[in-house]
Amino acid sequence: MLMCCGEALIDMIESRGADGRVCYSAHVGGAIFNTAIALGRLRVSPGFLSGLSQDMFGIQLLEALKASHVDVSHVILSDRPATLAFVQLTDGHAVYTFYDENTAGRMLEPSDLPDIPESVNALYFGGISLISEPCGEFYSALAAREAADRVIALDPNIRPGFIQDEARYRARLEQMLGLADIVKVSDEDLHWIVPGAGSLAEKIDNIRAKGPKLIILTKGSAGASAWLPSDEEISVAAQRVEMVDTVGAGDTFNAGVLAHLQQAGALDKATLGEISPNLLRDALAFGTRVAGVTVSRAGANPPWAQELE
């Protein structure tokens, strides 16, 4: 099983009413939640680990996970409120404002760490759950505890406007990069993690030096690239589709890549470093394909496996 560990929240997405006034509609979301949903729809049978509220929004999130065949047995329920993210769309691109104080997801602490069953072969982390306190410590402690025996996948999915203590977050991210076997970053993420005037190749080398076996770089409409332990670079083009919005695109891409690797038996500590170029290329291509479906329709609505057949 691939366990997705991180935030679930409600996206309040901006729209216009019939009278022209701005209004917001509630949609389930969150980077790690979106990836779990997409994996479930791709028949990977993932698990989800996070703190969820027992309020109306938390119930909405929990039901959505179940509907997409995600195992929720490790969700930690509480009476705290759900996290809300208000989303403004400009030319299809999303800008977020988060409301996350004292929420069910944010208030997880290392003392809350559950046992992880032996059936879990990989753990996936990222998003705002690595920024917030104290849950950032919860997830970093979980990764440190499990990294010796399970594949650790990481997508920082950095939200600079959400970061209050940059030095502390950078220190946690440095630790997570050192624990990770797979790191996926966007070009914007990469320039934030490795500031300065260096080239993309130089900044990728900076990340690789920290220890990950696979580095994946997404470049929007320019497609995606990945680097093998042998230094070989693999690149694929982006899917050409009519874009509605980009909400959940990167999360769905991650799900496509991880689903392909999982189904090929490659998400294993012993074999991941020997992955073939062809398998990695196919995984990237599948990731771009499922992300292409997501951007062609409104909101984070990943495709089901039968839609791709």
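The table below gives the values:
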item: Residue within the range 218-236 that is exposed (fewer than 14 other Cβ atoms within 10 Å of the Cβ), hydroxyl-bearing (Ser, Thr, Tyr) and part of a loop (DSSP other than H, G, I, E, B) present; result: yes
item: Any hit, the range 281-290, residues being assigned to a helix (DSSP H, G or I), surrounded by fewer than 16 Cβ atoms within 10 Å (Cβ to Cβ) and more than 16 Å from the chain's Cα centre (by Cα); result: yes
item: Phe98 being modelled with pLDDT under 95 and either surrounded by 15 or more Cβ atoms within 10 Å (Cβ to Cβ) or of a type in the set (Val, Ile, Thr) (or both); result: yes
item: Residue in the range 202-216 that is nearest to Thr35 (Cα to Cα), counting only those that are outside any helix (DSSP H, G or I) and of a type outside the set (Lys, Arg); result: Ile216
item: Candidate set from the range 122-137 (those that are closer than 15 Å to Ala171 by Cα and not hydrophobic (A, V, I, L, M, F, W, C)); member that is nearest to the chain's Cα centre (by Cα); result: Gly126
item: Unique residue being within 16 Å of the chain's Cα centre (by Cα), surrounded by fewer than 22 Cβ atoms within 10 Å (Cβ to Cβ) and within 23 Å of Lys269 (Cα to Cα) when the list is Ser119, Ser140; result: Ser140
item: Failed criterion for Ala104 (all others in (1) surrounded by fewer than 24 Cβ atoms within 10 Å (Cβ to Cβ); (2) in contact (Cβ under 8 Å) with a residue 24 or more places away in the chain; (3) under 27 Å from Ser45 (Cα atoms) hold); result: (1)
item: Gly30 vs. criteria surrounded by 24 or more Cβ atoms within 10 Å (Cβ to Cβ), modelled with pLDDT under 95 and not aliphatic (A, V, I, L, M); result: yes
item: Residue, farthest from the chain's Cα centre (by Cα), within the range 50-67, restricted to residues that are over 17 Å from Met107 (Cβ atoms) and surrounded by fewer than 22 Cβ atoms within 10 Å (Cβ to Cβ); result: Met56
item: Selection count, the range 79-112, where residues are over 20 Å from Asp11 (Cα atoms) and either under 20 Å from the mean Cα position of the chain (by Cα) or in a strand (DSSP E or B) (or both); result: 1
item: Residue in the range 235-248 that is over 30 Å from Ile10 (Cβ atoms) and aliphatic (A, V, I, L, M) present; result: yes
item: Flag for Ala147 being more than 16 Å from Thr35 (Cα to Cα) and within 15 Å of the chain's Cα centre (by Cα); result: no
item: Wholly enclosed helices (runs of 4 or more DSSP H) of the range 122-201 bearing at least 3 residues aromatic (Phe, Trp, Tyr); result: none
item: One residue from Ala305, Ala249, Ala270 being at pLDDT below 95, closer than 17 Å to Leu228 by Cα and among the small types (Gly, Ala, Ser); result: Ala270
item: Subset of the range 66-78 (residues that are in contact (Cβ under 8 Å) with a residue 24 or more places away in the chain and outside any loop (DSSP other than H, G, I, E, B)); result: Asp71, Ile76, Leu77, Ser78
item: 1 or more residues free of Cβ contacts under 8 Å to residues at least 60 places away in the same chain: qualifying strands (runs of 3 or more DSSP E) within the range 1-50; result: 9-16, 22-29, 47-49
item: Any hit, the range 288-302, residues being out of contact with any Ser or Thr (no Cβ under 6 Å at 6 or more places or on another chain), within 24 Å of His27 (Cα to Cα) and of a type in the set (Val, Ile, Thr); result: yes
item: Count of residues meeting criterion [touching a Ser or Thr at 6+ places or on another chain (Cβ under 9 Å) and not β-branched (Val, Ile, Thr)] in the range 12-24; result: 5
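Residue by residue, here is whether (1) in contact with a helix residue (DSSP H, G or I) (Cβ under 8 Å, 6 or more places away or on another chain); (2) surrounded by fewer than 15 Cβ atoms within 10 Å (Cβ to Cβ) holds:
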residue	(1), (2)
Met12	no, no
Ser25	no, yes
Phe48	yes, no
His69	yes, no
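The values are calculated or read from the model by the stated rules, or taken from the named source; none is laboratory data. Computed from a prediction, not measured in an experiment: that's the story for all the values here. Using ideal geometry, Cβ is built from the backbone for each residue, glycine included, and neighbour counts are taken over all protein chains shown.
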